[in-house]
1. In Å², and per residue, what accessible area does the range 94-163 have when probed at 1.4 Å with the other protein chains present?
2. Ranked highest first by average number of other Cβ atoms within 10 Å, how do 141-154, 52-65 line up?
3. Tell me, what HN-Hα J-couplings in whole Hz come from the Karplus equation 6.51 cos²θ - 1.76 cosθ + 1.60 at θ = phi - 60° for each residue of the range 45-52, using x for Gly and Pro?
4. May I ask for the distance between the Cα centers of the range 236-294 and the range 183-201, given as a whole number of Å?
5. Would you work out what percent of the accessible area of the chain, with all protein chains in place, is carbon or sulfur (probe 1.4 Å)?
6. Could you size up the charge dipole of the range 135-281 around its Cα centre, putting +1 on the beta carbon of Lys and Arg and -1 on that of Asp and Glu, and report it in debye to the nearest 20?
7. Using +1 at the C-beta of Lys and Arg and -1 at the C-beta of Asp and Glu, which of 130, 48, 279 has the Cα lying farthest in the positive direction of the dipole of the chain?
8. How many Lys pairs in the chain lie less than 27 angstrom apart by Cα atoms, where the lysines are 8 or more positions apart or on different chains?
Amino acid sequence: METTQATRGTRDVAAGAAVRLSGLRKHYGEVRAVDGVELTIAPGEVVALLGPNGAGKSTTVDMILGLSKPDAGEVTVFGKTPGDAVRAGMIGAMLQGGTLLDDLTVRETVRMVAKLHRTPMPLEQALRQAGIDDIADRRANKLSGGQKQRVRFAVALVSDPDLLVLDEPTAAMDVGTRREFWKSMYSFTESGRTVLFATHYLEEAEEFADRVVLMRSGRVVADGSVAQVRALAGGRTIRAVLPDATGETERLVATLPAVTDFELRGERAAISSSDSDATLRALMAAVPAVHDIEISAVGLEGAFLSLTAEDHTEPEEAAR
Ligand code: ADP
Ligand code: MG
């Protein structure tokens, strides 16, 4: 995949990758939480780490942040170890289980974190970017779930990091708040900074990421643009009626070109194809009586389900 990030901004970051994971593994007893992940993220990319619960997203994120140690493999962030990158103020993070101190106001909370950093952004700017300047004097115990998330976003922003890592940032937000959140996140990336966010919401990956890295069972099963990941899952579905279908018809259809999956219920067939034109031409030649033909594209939803299904055999070739 060509990267278009050069146009995004010209912030001065160390040359090379923003994040590089090689041969990354983390096992908990029998559970292979992260099982050999290779991933390189270029400066300025906005990457969604997408996958169902238990896929290994948080475990990966924790190792990028230096919060847990890999059993094998290596993590570098702008060429440094995670610990060094964190100490240099290069990484801002919003974790899944973070809490706030109930008795501090929003402003006090963000100021406290700003003081831990050598070159923070101005306090008011962090509050504005996170969309919480209007609730800055409110105490944390008076905030809604969505507001708390935005305070945690301000905490992640205030060090003025080059890399922002967000683990399921919108989990407690309603749809409206979620939109607002992504708007402020996007203004942050316009200055050329790198964002990695974990999510199990397909729409978020589809709308807000340049690149989707799909994880399942501790492994990367697809990696590319939204369009590429969608294409990986097998393109289109052809539905049609096959009059008087027999076992013989079934065998015939299964061997048509580009067919990746096939289901026959009575006379109604659903054929998944990576090249629907080729499949359809062959189908009409093989079963001239075929009728009521419908062709539909597989959405990212379909790609997600098919690529994250437990019995899925991995595609021979990833998009990158
Ligand atoms: P995700 O964030 O994608 O939902 P996680 O990285 O949290 O997935 O978890 C991946 C797998 O590792 C899951 O099976 C989870 O139960 C397991 N796991 C995560 N952390 C621990 C831990 N501290 N101890 C034991 N198992 C863990
Ligand atoms: Mg998680």
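The values are calculated or read from the model by the stated rules, or taken from the named source; none is laboratory data. Being a predicted model, the structure only gives us computed values, none of them experimental. Here the Cβ is made from the backbone with ideal geometry for all residues, glycine too, and neighbour counts use every protein chain on show. Note: areas computed on protein heavy atoms with side chains; ligands, DNA, RNA excluded. Shrake-Rupley method; radii C 1.70, N 1.55, O 1.52, S 1.80 Å.
1. Ligands and nucleic acids excluded, the result is 51 Å² per residue.
2. Going from most to least packed, we get 52-65, 141-154.
3. 6, 10, 10, 9, 9, 10, x, x
4. 42
5. 48
6. 600
7. It is 130, whose Cα lies furthest towards the positive end.
8. 14
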